[in-house]
Amino acid sequence: MSTGQVRTMVGLMAQGAPVEVTSMWSTVGKLSRLAHLGEQFGYQYADARYVSKGTQLLMVPDPSPQARQRAQQAWAQFPQAAAGGQLPPLPAQAPELLKTQVNFDLTGRHNEKRRVMAVIPITVICLLRLMRDGEDAAVFWIPFWILAMCLAVGMVFWTRKRHTTYEGQLRAAGYVQVPDPTGRIHYVPAGSGLAAQAGPPVPPVPQQGYAAPAPQQQYAPAPPAQQQQYQQAPAPGQPQYQQAPPQQQYQQQYPPQAQPPAYGQQAPYGQQPPQQY
């Protein structure tokens, strides 16, 4: 890690902004040492990933009281670090759990695409050799391509196994899961600022829409004996009426009307139906 990168990192930390450091040939050991240096200035390791320019380290401010106290002590010891003065030296060694965090993020499945993409140039080179040299090149380039494919698949499974091992170590140490805005899972210490910002999981909010009506209460019909009792027991002081049969009720309500004569027959005089004009 160059001195310029450390100075740039310290300058961003003096502003209280998130810090991203990208290096082409950084190893896990160097990245973890740089993250450990950021912890002394009140920052916390957040992520490590492979980018087009190398490996990128992300650190964010830690709002916990312990981190604020460490930052005050570091700035009191190196007050001109952000203005071109003396820089703090890199730690000789970072904590093992911090290395495990970096390894866990670098071996995630989001980086598998980078490993699989390395197969494309190998395949193109083999095809060009076969097209130029013909059958004479097939004896060498076809076995070479098969070996490269086997190594690529083997590296994917080996990296997944390492990723699972690092996850078990972090869980055993009491680290908690924290998702980032992209949905990736990170492990952070239980009492750190990132764990406090994540908070407990929020239950999903039900969508507002048409609510189905509550089922109506169904009433069972009264027994026949009870219905007959209700029909035969009028209120006190009211006369009792006998209900007419249904046919007689219908005739009383709708009396029969005179039918008009059939076509061709004239009705008697005085009974001509009115004509419409």
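The values are calculated or read from the model by the stated rules, or taken from the named source; none is laboratory data. Bear in mind that the values here come from a model prediction, so they are computed numbers and not experimental data. Using ideal geometry, Cβ is built from the backbone for each residue, glycine included, and neighbour counts are taken over all protein chains shown. Only protein heavy atoms, including side chains, enter the accessible area calculation; ligands, DNA and RNA are left aside. Shrake-Rupley method; radii C 1.70, N 1.55, O 1.52, S 1.80 Å.
Could you check the simple spin-label distance between R184 and R132, using points 7 Å along Cα→Cβ, in nm with one decimal?
3.8 nm
Determine ³J(HN,Hα), in whole Hz, for all residues of region 69-76 in sequence, where each value follows from phi through the Karplus function 6.51 cos²θ - 1.76 cosθ + 1.60 and θ = phi - 60°; x replaces Gly and Pro.
Values per residue, Gly and Pro as x: 5, 5, 5, 4, 5, 5, 6, 5 Hz.
Per residue, how many Å² of accessible area does region 63-148 show with a 1.4 Å probe?
66 Å²
Can you give me the Cα centroid spacing of region 12-44 and region 50-118 in angstrom?
Taking the Cα centre of region 50-118 as reference, the centre of region 12-44 is 3 Å away.
Can you list residues from other chains, or at least 5 along the same chain, whose modelled amide H is less than 5 Å from the amide H of G108?
Answer set, sorted by chain and number: none.
On the accessible surface of region 1-160, probed at 1.4 Å, how many percent belong to carbon and sulfur atoms?
Using a 1.4 Å probe with all protein chains present, region 1-160 comes out at 62 percent carbon and sulfur.
Taking square-rooted eigenvalues a ≥ b ≥ c of the alpha carbon gyration tensor, is region 111-163 rounded, prolate or oblate, where a/c under 1.5 means rounded and, failing that, a/b exceeding b/c means prolate?
It comes out oblate by the Cα gyration axes.
Order 43-55, 160-172 from most to least packed using the mean count of other Cβ atoms within 10 Å. Could you put the intermediate results ahead of the total?
Numbers: 43-55: 17.5, 160-172: 14.6.
By packing density, highest mean first, the sequence is 43-55, 160-172.
Scattering from the C-alpha atoms of region 47-149 alone, worked out with Debye: what is log10 I(q)/I(0) at q = 0.10, 0.19 1/Å?
Debye output, listed in q order: -0.57, -1.09.
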